[in-house]
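Comments concern the structure below.
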Amino acid sequence: MTIIVNNKEIEQLEQFSDKTQTLIQFLNQGAHSTDALIQQSEVMTFTSEAQFIEQLYLGLMNSTLLYLHQIPLSVDIKKLLELSTNDLRDLATFSNRDSETDKARLANILAKYRLVDSAILNKIALFYRRYNLNYHALGWGASFHDQLTLYSIICYCEQAYDLSNQTVHPACQWATEKAQNLSEFARYFCLYLAWKNAKQGGQGTPDHLVETLAPVVNNTLDSPVVTFELQAVDLHNAIKQWHEGGNNLGFSSFSAGLLNIVLNIDLQTDDLVKAANEYISGLQTTLTNALASDSYICQAGLCRHYLFNLHHSEALLNVDGQGCLSLFNHWPIAA
């Protein structure tokens, strides 16, 4: 016996929960590798089945990201651990796309857990094709999280703005010049469209907009450290305590903060810095008086999202693997 999980000796695969057994079966050689670990002389200790399964995936694939070809769906193991045993089993056994019943069951699971399958994620490729865009080098090294960010921003832009070759091409060109990864590209792309939509023959450039707002964003990047999974009330108390200490809840990144500000202030105002600071102050007050309506692991497994339904907008807060609580998205609800 060489595997100990939560102070319990594991002598055979069947001692694991049904969910863990299903996740082991997803892996090529998963069952064989687990049996080999049980039989070896070295003792391996894990605090939970979730920790064991994550380490098993890392050991066999050097990744916790899994591709379920029968759906098809790319998803991190940490997200799959969030699914109920029955829903996970349905994903594992799904094989008939010709069955309306099976398709409906799959669609329900994807919606329930906010999962985006490969067919839906193909919107990115269709977007590039529609506007005859070159697939730039930023996409070559993009993480799955970056791709999901680009997907969500494309969805938002298609709802919020009238897109055409005349707006999309310069937006992409400018975003490519500003960004250092695909997530930044997506946000700068949306920022350009917001600037273009607000610009009514006046002066200024998107570069000037970034330069003006940069100090405000840089002063709003500090984040409190919390536990990874919080109940809505505990999250509320953490935000309130941080705010009462004279701190603003920081943005998850510079580009995220920049886009959040641009989408929520009047870009025609004479004093952008004042408007940005007033927006941040107002948002902090709103968050201290609100409870998250939902929380879930993101599909890429990098963080837990906390969703706030605010007045005419949605805010998404993140808690990453290190426990940093930050503001990821705050976008107006597109008409």
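The numbers here are math on the coordinates, done by the rules we state, and not lab data. Every value quoted in this text rests on a predicted model; they were computed, and no experiment measured them. All Cβ positions, even for glycine, are placed from backbone atoms using ideal geometry, and neighbour counts span all protein chains on display.
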Check Ile3: other-chain or 5+ apart residues with amide H under 5 Å from its amide H, H built from backbone geometry? Ile10, Met44
Can you work out ³J(HN,Hα) from phi for every residue in segment 257-268, in order, using Karplus 6.51 cos²θ - 1.76 cosθ + 1.60 and θ = phi - 60°, giving whole Hz and x for Gly and Pro? x, 4, 5, 4, 5, 4, 6, 10, 10, 7, 6, 8
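Rounded, prolate or oblate: which one fits segment 3-116, using the alpha carbon gyration tensor with axes a ≥ b ≥ c (rounded when a/c is under 1.5, else prolate when a/b beats b/c, else oblate)?
Numbers: a/c = 2.25, a/b = 2.18, b/c = 1.03.
Taking the square roots of the gyration eigenvalues as a ≥ b ≥ c, segment 3-116 is prolate.
Calculated FRET efficiency, Asn309 and Glu278, Cβ-Cβ r, R0 25 Å, to nearest 0.05? Kindly include the intermediate steps, with their values, before the conclusion.
Values: r = 22 Å, r/R0 = 0.88.
Using R0 = 25 Å, I get an efficiency of 0.70.
For a protection proxy built on the mean count of beta-carbon atoms within 10 angstrom, sort 6-14, 190-198 highest first, please. Don't skip to the end; give the middle numbers.
Numbers: 6-14: 12.0, 190-198: 20.3.
Result, highest mean Cβ count within 10 Å first: 190-198, 6-14.
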How far apart, in nanometres, would the label points at Ala290 and Thr93 be if each is projected 7 angstrom from Cα along the Cα-to-Cβ direction? 4.1
Enter the Cα centre distance for the pair segment 309-335 and segment 42-82, rounded to the nearest angstrom. 27
Take Cys324, Cys157 and order them by how many other Cβ atoms sit within 10 Å, fewest up front. Cys324, Cys157
How far apart, in nm, are two points set 7 Å out from the Cα along the Cα-to-Cβ line at Gln15 and at Met44? 1.4
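Using a simple charge model, +1 on the beta-carbon of Lys and Arg, -1 on the beta-carbon of Asp and Glu, nothing else, what dipole does the chain show about its Cα centre, in debye to the nearest 20?
Values: 20 positive and 34 negative charges, 151 e Å.
Dipole of the chain, to the nearest 20 debye: 720 debye.
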Theoretical gain in end-to-end length, Glu158 to Asn218 [0.36 nm per residue, Cα-Cα removed]: 18.7 nm
Pairwise label distance in nanometres, Asp271 with Leu58, each label 7 Å out on the Cα-Cβ vector: 5.0
Binned Cα-Cα distances of segment 66-184, short to long, each 5 Å bin given as a whole percent: 2, 9, 18, 21, 15, 12, 11, 8, 4, 1
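In this model, which of Lys78/Lys178; Lys178/Lys199; Lys103/Lys123; Lys78/Lys112 are farther than 23 Å apart at the alpha-carbon?
Values: Lys78/Lys178 32 Å; Lys178/Lys199 20 Å; Lys103/Lys123 20 Å; Lys78/Lys112 16 Å.
Where the Cα-Cα span goes over 23 Å, the pairs concerned are Lys78/Lys178.
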Crossing angle, helix 182-198 versus the chain [Cα axis fit, 0-90 degrees, rounded to tens]: 30
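Quote the relative contact order of the chain in percent (integer), defining contacts as alpha-carbon pairs under 8 Å separated by 6+ residues.
On the way: 454 pairs, mean separation 45.2, N = 335.
Across the chain, relative contact order equals 13 percent.
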Work out from phi, with θ = phi - 60° and the Karplus expression 6.51 cos²θ - 1.76 cosθ + 1.60, the ³J(HN,Hα) of each residue of segment 297-308, listed in order in whole Hz, and give x for Gly and Pro. 6, 5, 4, 7, x, 7, 7, 9, 8, 10, 9, 10
Using +1 at the C-beta of Lys and Arg and -1 at the C-beta of Asp and Glu, which of Leu267, Val319, Gln40 has the Cα lying farthest in the positive direction of the dipole of the chain? Leu267
Let me see the pair-distance distribution of the chain: every alpha carbon pair, 10 Å bin width, integer percents in order. 5, 22, 28, 24, 14, 6, 1, 0
